[in-house]
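Here is the structure we will look at, set down as structure tokens.
The values are calculated or read from the model by the stated rules, or taken from the named source; none is laboratory data. Note that this is a predicted model, so its numbers are computed, not measured. Note that each Cβ is placed from the backbone with ideal geometry, even for glycine, and that neighbours are counted across all protein chains shown.
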Amino acid sequence: MKTLKKPVKDFPKSGENYDFNKYAAAVGFATIIFLLGIFLGNYFVQEKISAINEMQDSVRLEVMSMELQNQLFQERPCSDPMIPLEGKLEEITSKITSTENRLGKDNTQVLEIKKYYSLIEINHYLLMKSRKDKCNSDYSLVLFFYSNKNNVLESEKQGYVLDNLKGKYTSDKIKVYSFDRDLDLDIIKTMVSFYNITDVPTTIIDEKKLEGFHDKEEVEELIA
């Protein structure tokens, strides 16, 4: 009787071993990159959320500060001009613009920040209007209504014109307040109705209304 011999398994050749190791290393490397991407993604998301929350807190404080300054202003309406606050407004504007570019103009948190900022602007505008009336101050007050939904390009062009004029003149000469007409805020809706804003962009310079886009020369003629 013949005995059956068990088949002997061949050992993998050195080349096959090398290919397997390469494959395992590639899978391991890809896994590390994938996990690192998730970690970095979560980290940057948290950083953005933290930055937005910090900005929201800052803007809320500015609203409260403005209310207190309003009370002080009633006692001394012709006191020193509020230059530091105007610089703060410019700083917040730059931060909001930067945040819009990163997260999008329709981002919910961005819109909430803009609501608080709009309250600061309106409050400051009323203070400056009262100062101008009571103290015979010589500067122009500009209300700029724009939209991120309709006639966006025209609104952006008009915004550039006003920024150019702000750069040309000091804050003692011109003060510009920009408002998103589509912002879901009651006071904005009231202003839109009060000034009969039916088109964007609309620029109001010392109660004189300019509808649509107007170049630098046209706007400059109306500045006090």
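Could you tell me which numbered condition LYS168 fails, if it satisfies all but one of (1) under 15 Å from the mean Cα position of the chain (by Cα); (2) without any contact (Cβ under 8 Å) to a residue 40 or more places away in the chain?
Only one criterion is unmet by LYS168, namely (1).
Any residue at all in region 121-136 that's of a type in the set (Phe, Trp, Tyr), modelled with pLDDT of 75 or more and within 14 Å of the chain's Cα centre (by Cα)?
Looking for residues that are of a type in the set (Phe, Trp, Tyr), modelled with pLDDT of 75 or more and within 14 Å of the chain's Cα centre (by Cα), one finds none in region 121-136, hence no.
Tell me, yes or no, whether region 188-199 has at least one residue that is in a loop (DSSP other than H, G, I, E, B), within 22 Å of the chain's Cα centre (by Cα), among the hydrophobic types (A, V, I, L, M, F, W, C) and surrounded by 15 or more Cβ atoms within 10 Å (Cβ to Cβ).
Checked against the condition, which is being in a loop (DSSP other than H, G, I, E, B), within 22 Å of the chain's Cα centre (by Cα), among the hydrophobic types (A, V, I, L, M, F, W, C) and surrounded by 15 or more Cβ atoms within 10 Å (Cβ to Cβ), region 188-199 yields no hits at all.
Can you name the condition, by its number, that GLN158 falls short on among (1) out of contact with any Leu (no Cβ under 7 Å at 6 or more places or on another chain); (2) at pLDDT 95 or above; (3) closer than 30 Å to CYS78 by Cα?
So the condition that GLN158 fails would be (3).
Looking at VAL161, VAL176, can you tell me which residue is of a type in the set (Val, Ile, Thr) and outside any helix (DSSP H, G or I)?
On the way: VAL161 fails: outside any helix (DSSP H, G or I).
Of the residues listed, the single one that is of a type in the set (Val, Ile, Thr) and outside any helix (DSSP H, G or I) is VAL176.
Only residues in region 183-206 that are within 16 Å of GLY159 (Cβ to Cβ) and without any contact (Cβ under 8 Å) to a residue 60 or more places away in the chain count as the first member; pair them with residues that are polar (S, T, N, Q) and loosely packed, with under 15 Cβ neighbours inside 10 Å, Cβ under 7 angstrom, at least 6 apart or cross-chain, and list the lot.
VAL200/ASN150
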